1. Compute the length gained on full extension between residue 60 and residue 3: take 0.36 nm times their separation in residues and subtract their Cα-Cα distance, giving the result in nm to one decimal.
2. Rounded to the nearest 500, what is the chain's calculated 222 nm mean residue ellipticity when only DSSP H runs of at least 4 contribute -39500 (n - 2.57) each, over all residues?
3. Along the Cα→Cβ direction, 7 angstrom out, place labels at residue 94 and residue 81. What is the inter-label distance in nm?
4. Peptides 36-47, 10-21, 67-78: what's the order by average Cβ count within 10 Å, highest mean first?
5. What distance in nm lies between label points placed 7 Å from Cα along the C-beta direction at residue 40 and residue 10?
Ligand code: SF4
Ligand code: SF4
């Protein structure tokens, strides 16, 4: 299990209150709203933390770059991918690759 999977499993395995606190803290660290790809649709819906919450459910995008590699959550969670808002969380990307 890599560091990203350990991190995500720790969040998933904690009780609901601790999990909500962890998610809130990560939400505050997310820098998506400074990214050129982040658009009005996402801003209106307050969507952030796509790497954990998953891809945007209803907004459409034009790729204009991704600031995820410079986000503190990338380091904390051991992430290596980009464009989570479009491609989905690591689990979503894995499920898509496996045809689930
Ligand atoms: S890695 Fe990307 S999606 Fe995840 S919190 Fe950071 S900026 Fe947001
Ligand atoms: S996931 Fe990446 S591309 Fe999408 S809004 Fe966040 S920083 Fe920008």
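1. 17.5 nm
2. It lands at -14000 deg cm²/dmol.
3. 1.0
4. My ranking of the peptides, most packed first, is 67-78, 36-47, 10-21.
5. Placing both labels 7 Å along Cα→Cβ, they lie 4.1 nm apart.
Laboratory data are not the source of any read-out in this text; all were calculated from the coordinates shown. For clarity, every value in this text was computed on a predicted model and none was experimentally measured. Here the Cβ is made from the backbone with ideal geometry for all residues, glycine too, and neighbour counts use every protein chain on show.
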